[in-house]
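Novice: A single structure is presented below for examination.
The values are calculated or read from the model by the stated rules, or taken from the named source; none is laboratory data. Note that the structure is predicted; figures quoted are calculated from it, not measured. Cβ placement follows ideal geometry from the backbone for every residue including glycine, while neighbour counts extend to all protein chains displayed. In case anyone asks, the SASA skips ligands and DNA or RNA and just uses the protein heavy atoms, side chains included. Shrake-Rupley method; radii C 1.70, N 1.55, O 1.52, S 1.80 Å.
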Amino acid sequence: MTEAAIEIRGLSKTFVNEAGEEVSVLRGLDLTVAPGEFLCVLGPTGGGKTTLLRLLTGLTPATSGHLRVGGSAPGRGDPVGMVFQQNSLFPWRRVLANVTFPLTIRGIPRREAKARAREMLGLVRLGGAENAWPYELSGGMQQRAAIARALAAGGEILLLDEPFGALDEETRRALQEVLLRIHERRRMTVVFVTHNIEEALLLGNRIVVLGGGRIVAEERVRLPRPRDRLSPEFTEALIRLRRVIGLAPR
Amino acid sequence: MSGSGTTRTSTVRGVARKFVLGALPPLLVLLAWVHFGSRSAVIPSIPEVARVLAHPFAEPDLDSLSLGTSTLVSLLRVLIGFGLAAATAVPLGILVGRVRIVREIFSPIVEMARPICPVAWLPLLIVIFGRMSVGTLLHGEASWRHELTSQLGVAMIVVIWWGAFFPIFVNTVHGVTHVKTLYQEVAKTCGASRGLILLHVVLPAALPSIVAGLRIGMGTGWMVIVAAEFFPGTRSGLAYMITTADEVGRHEYVFACILVIGLLGVLLNAVLGRLEDRVGRWQARER
């Protein structure tokens, strides 16, 4: 058996809010993500989805539990790519320089960093915009660039926190396709957080539902790809998933 | 840019409008000057002032260096004081903005020192530094250069430093402390260390604010130098020339000095303003 890309055992996170009370966001979460898997994490707002990703990147320390990302403690091993919901491009860097950022800070020579960044921009179909300033891009293009930067940062593991949540339907679909195509080609491990059930079903090999700080439901998606959201099988799976979530204990 | 005909015309019109309207007040001032200059003993005529300005390095029959040399002395004092202020305020501002314990140590003293008018220190500084100048520090020979450097008194430079320091410092602290957390977190997920985050995220993000501080600091320095040169004990500089010329009723020199002070102020501000626009280009639509 190959080693898991992400391994989580009994993970808990407790915050102290402004009133000084302890708030448990995650309570003893168990989850294993296999290499190359496309995992979608569903759950209501405030259900701990974002916290889970922050723990995986090492931005926030866990209160307790065992956590391994790519075989090491979060933030200790190779960097993982992270895409945030809002525009996170550095506004003082042009698009290409944003994508070279994770490479240059790792000490990769400028020429090589540029070549690799161009390759990433090609993957997200943003080749023509490398000299644009972030503010000149549409929201969809900004997220494409952010995905390219995340791919440059960590080729093996990609974490996305509702990356298409702020986009219109058409742009969202175009980006979903881009992401699927990249996954098909590069087979990196993806953890994709969303509150959109249809989106999770369209993208994921597996869907886990977070609720009350734990996984309350898990569903392996066996629909063939490319998935057609208008097909009867898709609709059927969607209805079943809705029922699972609806019946899931909170 | 593919400006269509209409937009180009309107831009031309806009520029013309700006110049014509902006030229009105100076024109009025000039007219008033012509009017009063011819019938007043205090206000010199335009040709008299123009003659002084046309020959900046002519020896004036005053107890003062020439207008050109006086300008050079004032300018050098400001540039040296400003340079020292920038070299100290920016690093200290970054340190105070980034390290909590440093901020806690320095905040009270900065808040106490900031409202003190820099010129208030001058008498004390003259006592402390005496005739010490850039010239005496360099042990220059008795060349014209030495004559110039001997005018760059340390006391005066310290006063400029004091005046320019705080705007630069305050703006640096502000810039460094107001970098979006998101950008720093992005850098962290990319594996950047604290030092790399400072270099590649905090500094570029804070740069427009720092340069704005430099521009304001330069303006303050230029104001402070004029005030400081009015003090007794000063032997040179534009404001010193104003005092000596005024004592003997040579108001064409007074006017010429005031014009030079104004023009240089505008020039210094414009240079740093351009730099500010350059480093703040990416902020164009951020606001």
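Novice: To the nearest 10 square angstrom, how much accessible area does A:Trp92 have with a 1.4 angstrom probe?
Specialist: 30
Novice: Which whole-number percent is the relative contact order of chain A (Cα, under 8 Å, 6+ apart)?
Specialist: On the way: 469 pairs, mean separation 62.9, N = 250.
The normalised contact order for chain A reaches 25 percent.
Novice: How far is the Cα center of the range A:1-23 from the Cα center of the range A:33-106, in Å?
Specialist: 14
Novice: Please sort by residue number the GluC sites (Glu not before Pro) in the range A:8-116 whose DSSP state is loop and whose Cβ has at most 15 other Cβ atoms within 10 Å. If you can, show how the numbers build up before the last one.
Specialist: Working: sites: A:Glu18, A:Glu21, A:Glu22, A:Glu37, A:Glu112; in loops: A:Glu18, A:Glu21, A:Glu37.
The qualifying sites are A:Glu18, A:Glu21.
Novice: Taking a 1.4 Å probe, which of B:His178, B:His35 shows the most accessible area, and what order do the others take after it? Let's see the in-between values first.
Specialist: Details: B:His178 125, B:His35 85 Å².
My answer, sorted largest first, is B:His178, B:His35.
Novice: If a/c stays under 1.5 just call it rounded; otherwise compare a/b with b/c (prolate if a/b is bigger, oblate if not). Do that for chain B, with a ≥ b ≥ c from the square roots of the Cα gyration tensor eigenvalues. List each step's numbers first, then the result.
Specialist: Numbers: a/c = 2.59, a/b = 1.30, b/c = 1.99.
Oblate.
Novice: Shape of the protein assembly as shown from its Cα gyration tensor (a ≥ b ≥ c, root eigenvalues): rounded if a/c is under 1.5, otherwise prolate when a/b > b/c, or oblate?
Specialist: Judged from the Cα gyration tensor, the protein assembly as shown comes out prolate (a/c at least 1.5, a/b above b/c).
Novice: Provide the solvent-accessible area of B:Thr181, counting protein heavy atoms only and rolling a 1.4 Å probe, rounded to the nearest 10 Å².
Specialist: 90
Novice: With all protein chains present and a 1.4 Å probe, how do B:Ser74, B:Ser150 order by accessible area, largest first? Don't jump to the answer; show the numbers that get you there.
Specialist: Details: B:Ser74 0, B:Ser150 45 Å².
These residues rank, largest area first, as B:Ser150, B:Ser74.
Novice: While we're here: From the square roots a ≥ b ≥ c of the eigenvalues of the alpha-carbon gyration tensor of the range B:1-127, which class results: rounded (a/c under 1.5), prolate (a/b over b/c), or oblate?
Specialist: Numbers: a/c = 2.60, a/b = 1.26, b/c = 2.06.
Cα axes put the range B:1-127 in the oblate bin.
Novice: On C-alpha positions alone, give me the angle between the axis of helix B:154-177 and the longest principal axis of chain B, in degrees, nearest 10.
Specialist: 30
Novice: Which value at 222 nm does chain B reach when only helices count, each DSSP H run of 4 or more adding -39,500 (n - 2.57), with the total divided by all residues and rounded to the nearest 500 deg cm²/dmol? List each step's numbers first, then the result.
Specialist: Working: 13 runs with 210 residues, N = 287.
Helix contribution divided over all residues of chain B: -24500 deg cm²/dmol.
Novice: Based on the alpha-carbon gyration tensor of chain A, what equivalent-ellipsoid semi-axes (square roots of 5 times the eigenvalues) come out, in whole Å, largest first?
Specialist: Values: eigenvalues 166, 105, 59 Å².
Taking √(5λ) for each eigenvalue gives 29, 23, 17 Å, largest first.
Novice: Probe of 1.4 angstrom, ligands and nucleic acids ignored: what's the accessible area per residue over the range B:47-286, in square angstrom?
Specialist: 50
Novice: Take peptide B:187-198, look around each residue's Cβ out to 10 angstrom, count Cβ atoms belonging to other protein chains, and average those counts. Mind dumping the intermediate values first?
Specialist: Details: counts 5, 6, 20, 16, 12, 6, 1, 0, 0, 4, 1, 0.
Counting Cβ atoms of other protein chains within 10 Å of each residue's Cβ and averaging gives 6.
Novice: Shifting gears a bit: Give the carbon-plus-sulfur fraction of the accessible surface of the range B:47-286 in %, rounded to a whole number; probe 1.4 Å, heavy atoms of protein chains only. Walk me through the numbers before you get to the answer.
Specialist: On the way: 8100 of 12120 Å².
Carbon with sulfur: 67 percent of the solvent-accessible area.
Novice: Tell me which residues come under 5 Å, amide H to amide H, from A:Arg214 once H is placed; ignore anything under 5 positions away on its chain.
Specialist: Correct list: A:Arg27.
Novice: Sort B:Phe57, B:Phe129 by heavy-atom solvent-accessible area, probe 1.4 angstrom, most to least. Working shown, then result.
Specialist: Numbers: B:Phe57 140, B:Phe129 60 Å².
Most to least solvent-accessible, the answer reads B:Phe57, B:Phe129.
Novice: In Å², rounded to the nearest 100, what is the total accessible surface buried by chains A and B against each other with a 1.4 Å probe? Before the final figure, lay out the partial values.
Specialist: Working: alone 12590 and 17300 Å², together 27900 Å².
Interface area, both chains combined: 2000 Å², rounded to the nearest 100.
Novice: Still on this structure, I have one more. Taking every residue in A:98-111, how many Cβ atoms of other protein chains lie within 10 Å of its Cβ, on average?
Specialist: Working: counts 1, 0, 0, 7, 6, 1, 3, 10, 4, 0, 0, 0, 0, 0.
Mean inter-chain Cβ contacts per residue within 10 Å come to 2.
Novice: Shielding by partners for A:16-26, please: the mean number of other protein chain Cβ atoms within 10 Å of each residue's Cβ. Walk me through the intermediate numbers first.
Specialist: Values: counts 0, 0, 0, 0, 0, 0, 0, 0, 0, 0, 0.
Mean shielding count: 0.
Novice: Which of the pairs A:Lys49/A:Lys114; A:Lys13/B:Lys180; B:Lys18/B:Lys180 have their Cα atoms more than 31 Å apart in this structure?
Specialist: On the way: A:Lys49/A:Lys114 33 Å; A:Lys13/B:Lys180 24 Å; B:Lys18/B:Lys180 37 Å.
The pairs that break the limit, which is 31 Å between Cα atoms, are A:Lys49/A:Lys114; B:Lys18/B:Lys180.
Novice: How far, in degrees from 0 to 90, does helix B:100-113 lean away from the longest principal axis of the Cα atoms of chain B, to the nearest 10?
Specialist: Orientation of helix B:100-113: about 20 degrees from the principal axis.
Novice: Let me ask something additional. From the backbone phi of the range B:25-32, what are the Karplus-calculated ³J(HN,Hα) couplings (6.51 cos²θ - 1.76 cosθ + 1.60, θ = phi - 60°) in whole Hz, Gly and Pro given as x?
Specialist: Rounded to whole hertz, the list is x, x, 4, 4, 4, 4, 4, 4.
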